[in-house]
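What follows is calculated from the coordinates using simple rules that are stated; it is not laboratory data. Please read all numbers here as calculations on a predicted model, not as lab measurements. With ideal geometry, Cβ positions are generated from the backbone for all residues, glycine too; neighbour counts draw on all protein chains shown.
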Amino acid sequence: MSPFPSPNPVRSDHGMSTAEYAMGTVAAVAIAGVLYLIATSETVSAALTAVFVDALQPRH
């Protein structure tokens, strides 16, 4: 009995190819860009400012 597994006729990829890494990188950058646009928008900025100002106000 051989200590090595027999070769599988179906190719088994255990990782991503260069093209898959490239597509994953492009997708991640696109999502980051959308999140950046949302986070820096006037509406979100005003909402976050209101939350922080309210949180820093002393309670009586």
Nearest-0.05 FRET efficiency for residue 21 and residue 53, computed from C-beta distance (R0 35 Å): 0.20
task: Return the sequence-ordered ³J(HN,Hα) values of region 37-53 in whole Hz as given by the Karplus equation 6.51 cos²θ - 1.76 cosθ + 1.60 applied to θ = phi - 60°, using x for Gly and Pro.
output: 4, 5, 5, 9, 6, 4, 5, 5, 4, 5, 5, 5, 4, 4, 5, 5, 5
